[in-house]
Amino acid sequence: MTTVFTDKPTCPPFDAELEPVVAAMAQAVPSLTAETLGALRGWGEQMQRPDLAAGGTVIATEREIPGPDGAPDLSVTILTPIEGATGLPLIYNIHGGGLVMGDRYMYLDQWLPFVSKGEAVVVS
């Protein structure tokens, strides 16, 4: 027996209190189109990268993970605390750039305190 769905699923509603935030974001960031793609990428590249060493408490290691045959390798940044890096939980950080803008360094500053305190390792 095959079930065919003909109705398009609807998006769930979001909290009405978020309406001003959504409206502000729509004003601040243009919609993604072929014409705005270059500007959006340039905007993301202007973001300042955090001090990944966190004042000398974190080791930042850059690695390349081999991709499948014919595919590019994956570049990752690994943040480990100078002390106490054994048996720590891992935070896997990915940014929401939708393969359009940004990079693995976006928002790493939010995870640095956990690494510098010896509470976690981060891979981005």
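So the values come out like this:
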| quantity | calculated |
| --- | --- |
| Enumerated strands (runs of 3 or more DSSP E) restricted to the stretch 32-124, each holding at least 1 residues that are surrounded by 12 or more Cβ atoms within 10 Å (Cβ to Cβ) and over 14 Å from the mean Cα position of the chain (by Cα) | 58-65, 74-81, 121-123 |
| Single match in 34, 54, 39, 16 (criterion: of a type outside the set (Ser, Thr, Tyr) and in contact with a Ser or Thr (Cβ under 8 Å, 6 or more places away or on another chain)) | 54 |
| Scope the stretch 52-87; condition acidic (Asp, Glu) and under 15 Å from residue 114 (Cβ atoms); matching residues | 83 |
| Test result for residue 21, β-branched (Val, Ile, Thr), out of contact with any His (no Cβ under 8 Å at 6 or more places or on another chain) and part of a helix (DSSP H, G or I) | yes |
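Listed here are the residues, each with its yes/no results for (1) over 30 Å from residue 29 (Cα atoms); (2) not polar (S, T, N, Q).
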| residue | (1), (2) |
| --- | --- |
| 59 | yes, yes |
| 66 | yes, yes |
| 73 | yes, yes |
| 77 | no, no |
| 80 | yes, no |
| 86 | yes, no |
| 90 | yes, yes |
| 94 | no, yes |
| 102 | no, yes |
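Laboratory data are not the source of any read-out in this text; all were calculated from the coordinates shown. This structure is a prediction, so every number in the text was calculated from the model and none was measured. As a convention, Cβ positions derive from the backbone with ideal geometry for all residues, glycine included, and neighbour counts pool all protein chains shown.
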